[in-house]
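Engineer: Right, I'll just put the structure down here and ask away after.
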Amino acid sequence: GRESCEEVECRYRARNCKDMGRWMKEQCGFTGEAVPWPKIHDNRSTKRVLTMEFADGTIVDTVAKMRENKVDAYKVAKTIHEAFATLTFEHGFAHGDPHPGNLLVDKNGKVTILDHGVVRRLDEPTRETWCQGWLALMRKEENEMRNAVEKWGINPEMKRW
């Protein structure tokens, strides 16, 4: 399919998609079978048009379609969790837009991650603080959460500095 890329240059999205696919395979141990990555067609892409292979599936929150295809929703959720947790918390490779429309599930339960316009490599201190913030959030540790938020340069009271 083709996607208009007004918000971020398409070459940047293409590079991010390739980088994330490579990291998933080389660093995180995910194969294209577990979490396929759309192939980018560089010869058909420009600064304004990103052309990639068709990714079959429906958005991840279409539970009725998963049931129809006899796809295990728990397994899909586990795959998504493991992919994002491994990429972000272990390797500092953050996909900043993981909403349901950017996660496709095919008839076999494979998950394709789309839209690589907001992808960042976190430096080690930022990755560690990101981990601390999420752990504090899950554990409901307010002081730890405040500390992490302050390290990010955000006032924990959500007021202007």
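Engineer: Give, rounded to the nearest 20 debye, the magnitude of the charge dipole that the range 4-65 has about its Cα centre when Lys and Arg contribute +1 at Cβ and Asp and Glu contribute -1 at Cβ.
Structural biologist: The dipole magnitude comes to about 240 debye.
Engineer: Here's something else I'd like to know. Points 7 angstrom from Cα along the Cβ direction at D97 and R146: gap in nanometres?
Structural biologist: Once both label points are built, they end up 3.5 nm from each other.
Engineer: Further, regarding this structure: Under a GNM of the chain (C-alpha, springs under 10 Å), which listed residue has the highest mean-square fluctuation: F89, F30, F54?
Structural biologist: In this elastic network of the chain, the residue with the biggest mean-square fluctuation among F89, F30, F54 is F54.
Engineer: Tell me, what is the FRET efficiency for E53 and E128 to the nearest 0.05, using R0 = 30 angstrom and their Cβ-Cβ distance as r?
Structural biologist: E(calc), rounded to 0.05, equals 0.25.
Engineer: Still on this structure, I have one more. So which GluC sites (Glu not before Pro) in the range 17-98 pass both tests, a DSSP loop state and at most 15 other Cβ atoms within 10 Å of the Cβ?
Structural biologist: Sparse-neighbourhood loop GluC sites (Glu not before Pro): E33, E53.
Engineer: Let me have the 222 nm mean residue ellipticity of the chain computed from DSSP H runs of 4+ only, each contributing -39500 (n - 2.57), with the sum over all residues rounded to the nearest 500. Show your work: numbers first, answer last.
Structural biologist: Details: 5 runs with 62 residues, N = 161.
One gets -12000 deg cm²/dmol as the mean residue ellipticity at 222 nm.
Engineer: Please turn the phi angles of the range 22-32 into ³J(HN,Hα) values with the Karplus equation 6.51 cos²θ - 1.76 cosθ + 1.60 (θ = phi - 60°), one per residue in order, whole Hz, x for glycine and proline.
Structural biologist: Here the 3J(HN,Hα) series is 5, 5, 4, 7, 7, 9, 9, x, 8, 8, x Hz.
Engineer: Could I have the simple spin-label model distance between N155 and R22, label points 7 Å from Cα toward Cβ, reported in nm to one decimal?
Structural biologist: So the two model labels end up 4.2 nm from each other.
Engineer: Please state, rounded to one decimal and in Å, the Kirkwood hydrodynamic radius that the range 16-80 gives when every pair of distinct Cα atoms enters the mean of 1/r.
Structural biologist: 13.8
Engineer: Evaluate the relative contact order of the range 74-121 (contact order divided by residue number), counting alpha-carbon pairs under 8 angstrom at least 6 apart; express in whole percent.
Structural biologist: That works out to 38 percent.
Engineer: Same structure, new question: Given a 1.4 Å probe and every protein chain left where it sits, what share in percent of the accessible area of the chain is carbon and sulfur?
Structural biologist: 51
Engineer: Residue by residue through the range 97-103, which ³J(HN,Hα) values in whole Hz follow from phi under the Karplus form 6.51 cos²θ - 1.76 cosθ + 1.60 (θ = phi - 60°), with glycine and proline marked x?
Structural biologist: Whole-Hz 3J(HN,Hα) from phi for the range 97-103: 9, x, 7, x, x, 9, 10.
Engineer: Can you list the lysines whose alpha carbon is less than 28 Å from that of K107, not counting same-chain residues fewer than 8 positions off?
Structural biologist: Straight-distance partners of K107: K18, K25, K39, K65, K70, K75, K78.
Engineer: Can I ask one more? Under 5 Å between amide H atoms, partner at least 5 residues away or on a different chain: which partners does T51 have, H built in plane at 1.01 Å?
Structural biologist: Placed amide hydrogens put H41, S45, T46 under 5 Å from T51.
Engineer: Would you mind getting the accessible area per residue of the range 1-88, heavy atoms of the protein chains only, 1.4 Å probe, in Å²?
Structural biologist: 65
Engineer: With no solvent and one point on each alpha carbon, what is the Debye value of log10 I(q)/I(0) for the chain at q = 0.10, 0.12, 0.16 Å⁻¹?
Structural biologist: Taken in order of the listed q values, log10 I(q)/I(0) reads -0.44, -0.62, -1.00.
Engineer: Pop out the ³J(HN,Hα) list for the range 50-62 in order, Karplus 6.51 cos²θ - 1.76 cosθ + 1.60 with θ = phi - 60°, rounded to Hz; leave Gly and Pro as x.
Structural biologist: Those phi angles translate into 9, 10, 9, 4, 5, 9, 7, x, 10, 4, 4, 8, 8 Hz.
Engineer: In the range 54-107, which trypsin sites (Lys or Arg not before Pro) are in a loop and have at most 14 other Cβ atoms within 10 Å, using DSSP for the loop call?
Structural biologist: Working: sites: K65, R67, K70, K75, K78, K107; in loops: K70, K107.
Here the trypsin sites (Lys or Arg not before Pro) that fit, given the DSSP loop and packing criteria, are K70, K107.
The values are calculated or read from the model by the stated rules, or taken from the named source; none is laboratory data. None of the values given here were measured: they were computed from a predicted structure. Every residue, glycine among them, receives a Cβ derived from its backbone with ideal geometry; neighbour counts consider all protein chains shown. For accessibility, only protein heavy atoms count, side chains too; no ligands or nucleic acids. Shrake-Rupley method; radii C 1.70, N 1.55, O 1.52, S 1.80 Å.
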